[in-house]
Amino acid sequence: MKRVIVGLSGGVDSSVAAYLLKQQGYEVIGLFMKNWHDDSVTISDDCPWLDDSNDAMLVADKLGIPFQTVDLSEQYKERIVDYMFEEYKNGRTPNPDVLCNREIKFDVFMKIALDLGADYVATGHYCRKGSLEKDGETVYQLLSGVDNNKDQSYFLCQLSQAQLTKALFPIGELTKPEVREIAKAQDLVTADKKDSQGLCFIGKVRLPEFLQQKLKPKEGLIVEIPKSLESFSVEMPEFESKIDELQFLAQKPHYQVSEGKVVGKHQGAHYFTKGQRKGLAVGGTVEPLFVIDTDVDENVIYTGQGHSHPGLLKRVLFVNNDELHWVRADLALKTNDSMEVMARIRYRQKLGKATLYKTRDGLFVEFENQQSAITEGQFVAWYLDDELVGSGVIS
């Protein structure tokens, strides 16, 4: 019997994952990861880790599998929380869920599992693992989940071949309603439990309060930039090469306070992210205001009216070499190569047609259609059919 250690989170998905593995004849052990101690910044009723760990224990008991808790809060603080503070301080918006999978679940946690003699680590992610033979080697594939509505391959976009080799995703072939049905049929305590929201394994966090632990509030201006700003209607110059054109289109605009009008005050530019609508507390505009950029050095938030404000829309983004990752290393582009893909810049976003262009310094991603609120620090992931083949941090 192969031994599988399941990351039991106290939710329905990982509960059913454990049940299915047991049905398939694996020796299953449940492990709950405790990643956080500070309850002062979590909205305690929404996802307290104590309730989750109790639910995980009850599920393990019901399934008749061994169960224990591992405390990874130190590693989580170092690798996820400190990184988040640093990114927000620099005016980027990190994605802790993607990082948590790469750094915690499929690294720290996986090492613990393998030390316990596990052959595999399993999670309740809605994605699938495939494999193919290439040049006499087995290559593993990260495939999207069958449930289009719940596909979570995006959150695993930073996994490596070594991590995929040891990973199992038992519910990837199922839809969410099917998972709940199985949980009900097995009388699992998590059958009707709401999906947790918020930070991976911390629960729902009040982000400003969370960030205020390190990043102090500081009053600054909210400036509205008009759609008629001259730089939005600059004519496209003639380019000598495709790369010159992409560089031009990927440029980050630099706004000045003098180009717009001051419409309010805020308590810290680093608490806001591009595309954000809530929390500005500015009324009296014809269309809702959206954040189109933040300047953390000058502590200014630039906003624009409406979904279609030109400051929100862009077709091209860039990923630096050191933040570029190929799940399928065998498909990695060489300098001057290009590849047609489907791509997304956030979870649950519909995949859109895009072309990758590899340069000496990194990778341009050119979308066929304009994208709203391309945000530095977030991940772009690209697919060939239903296989996620690579990703990178938007720079």
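No lab work stands behind these numbers, since they all come straight from the coordinates. Since we're looking at a predicted model, the values are computed, not measured. Please note: Cβ atoms are built from the backbone with ideal geometry, for glycine as well, and neighbour counts cover all protein chains shown.
Numbers below:
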item: Mean Cα-pair separation over length for the range 148-269, i.e. relative contact order, pairs under 8 Å, 6 or more apart, %; result: 26
item: Per-residue [θ]222 nm for the chain (sum of -39500 (n - 2.57) over DSSP H runs n ≥ 4, rounded to 500); result: -5500 deg cm²/dmol
item: Relative contact order %, the range 78-178, counting alpha carbon pairs below 8 Å whose residues are six or more apart; result: 29
item: Length released on extending from GLN370 to GLU240, taking residue separation times 0.36 nm less the Cα-Cα span; result: 44.5 nm
item: Cβ-placed point charges (K, R +1; D, E -1), dipole of the range 258-341 about Cα centre in debye, nearest 20; result: 380
item: Dipole magnitude of the range 39-193 about its Cα centre (Cβ charges: Lys, Arg +1; Asp, Glu -1), debye to nearest 20; result: 380
item: Taking the chain and dividing mean pair separation by its residue count, relative contact order in percent (alpha carbons under 8 Å, at least six apart); result: 17
item: Of the DSSP H helices in the chain, those whose Cα atoms cover at least 18 Å axially and whose Kyte score averages -1.0 or more; result: 49-63
item: Dipole magnitude of the chain about its Cα centre (Cβ charges: Lys, Arg +1; Asp, Glu -1), debye to nearest 20; result: 540
item: Order of TRP326, TRP36, TRP382 - criterion: other Cβ atoms within 10 Å of each residue's Cβ, fewest first; result: TRP326, TRP36, TRP382
item: Straight-distance crosslink candidates among lysines, where the alpha carbon sits under 20 Å from LYS176 and sequence neighbours closer than 8 are dropped; result: LYS22, LYS129, LYS150, LYS184, LYS193, LYS194, LYS350
item: Packing-based exposure ordering (other Cβ within 10 Å, fewest first) of LEU50, LEU351, LEU20; result: LEU50, LEU351, LEU20
item: Summed residue charge, Cβ within 14 Å of SER233's Cβ, Lys/Arg positive, Asp/Glu negative; result: -2
item: Positive dipole terminus of the chain, leading residue within GLN378, VAL108, LEU58 (C-beta point charges); result: LEU58
item: Rg(Cα)/(2.2 N^0.38 Å) for the range 313-393, N = residue count; result: 0.97
item: Dipole axis of the chain (+1 Lys, Arg; -1 Asp, Glu on Cβ), positive-most option in GLN141, LEU324, THR190; result: THR190
item: MET1/LEU58 FRET efficiency (R0 25 Å; Cβ-Cβ; nearest 0.05); result: 0.55
item: Chain lengthening between LYS265 and THR175 when straightened (0.36 nm per residue, less Cα-Cα); result: 27.9 nm
item: Whether the range 3-212 is rounded, prolate or oblate, judged on the alpha carbon gyration tensor where a/c under 1.5 counts as rounded; result: oblate
item: Cut-off 14 Å between beta-carbons: net charge of the residues surrounding GLY306, Lys and Arg +1, Asp and Glu -1; result: 0
